[in-house]
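The values are calculated or read from the model by the stated rules, or taken from the named source; none is laboratory data. Here the structure is a predicted model, which is why all the values come from computation and not from measurement. Cβ coordinates were reconstructed from backbone atoms using ideal geometry, including for glycine residues, and neighbour counts include every protein chain displayed. Remember, those area values only see protein heavy atoms, side chains included, never the ligands or the DNA or RNA. Shrake-Rupley method; radii C 1.70, N 1.55, O 1.52, S 1.80 Å.
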Amino acid sequence: LTVPSFWQSAVAECIAKIKAVQVGRNCVTFPFFSDNHQRNGYAGTLIGYIMRECNIPYCFFGGDAISSGSDVTSEAIMIAQDKAFDDMMSVIPVEKRCRAVGNHDAYWKPTPDSSSNTRVCYTREQIYDLFLRQESVSQNKHYGGDGTFYYVDDIASKTRFVVCNMNVNVNTTTDKLDSTQLEWLENEAMVFD
């Protein structure tokens, strides 16, 4: 990984700050970013470089790789935009990526009229297949239910990261955990040996 020259001093400063915090401490460090809405640029390269230099095991993406629901008017556009996001993130090994699905990642509007409430929503199984399946290669991820929620353990820091799916009702604007995830949290994700 090579950092573009115009970012080198800022990234070096960031790495120095992270390493200063890590020295002599039993701490957890991870990058989190979200809502890039097709502004891919150098994010994958910068995050991957910092992860390597600071020995960071996972990066987390909170969702919304797609530009927005109103300007995505076909499944083909959505898939193309998600592929562009995947290409940007390909510099980070897939087993180190932890992704959640954002509200814009779960549907598209079939007409260019952004005021229209008509939209086509993926099922949770389609969400898993399109956005999360490629990351399931990690032997350390433990999926619940339909695969749209999971946890991953960082053994070195004795930390469990839990990623939930807030897009339970993709046909509504209600974002909440459903009973399946709550049961999984209680009976699996929050159970430790």
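The mean sequence distance of close C-alpha pairs (under 8 Å, at least 6 residues apart), as a share of the length of the chain, puts its relative contact order at 17 percent. Solvent exposure of the chain, expressed per residue, is 53 Å² of accessible area, with all protein chains present and a 1.4 angstrom probe. In the chain, the portion of solvent-accessible area held by carbon and sulfur atoms comes to 53 percent [1.4 Å probe, whole percent, DNA, RNA and ligands not counted]. Given their separation in residues at 0.36 nm each and the Cα-Cα distance between them, Thr2 and Phe33 gain 9.2 nm when the chain is fully extended.
Measuring only protein heavy atoms, the 1.4 Å probe finds Glu13 accessible over about 110 Å². Here r is the Cβ-Cβ distance between Arg119 and Lys176 and R0 is 22 Å; the resulting FRET efficiency, rounded to 0.05, is 0.70. Every helix of 4 or more DSSP H residues in the chain counts as -39500 (n - 2.57), and over all residues that averages to -8000 deg cm²/dmol at 222 nm.
Applying 1/(1 + (r/R0)^6) with R0 = 35 Å to the Cβ-Cβ distance of Ile77 and Asp154 gives a FRET efficiency near 0.45.
Within the chain, the selection of entire DSSP H helices by a Cα span of 20 Å or greater along the long axis and an average Kyte-Doolittle value of at least -1.0 returns 8-22, 75-89.
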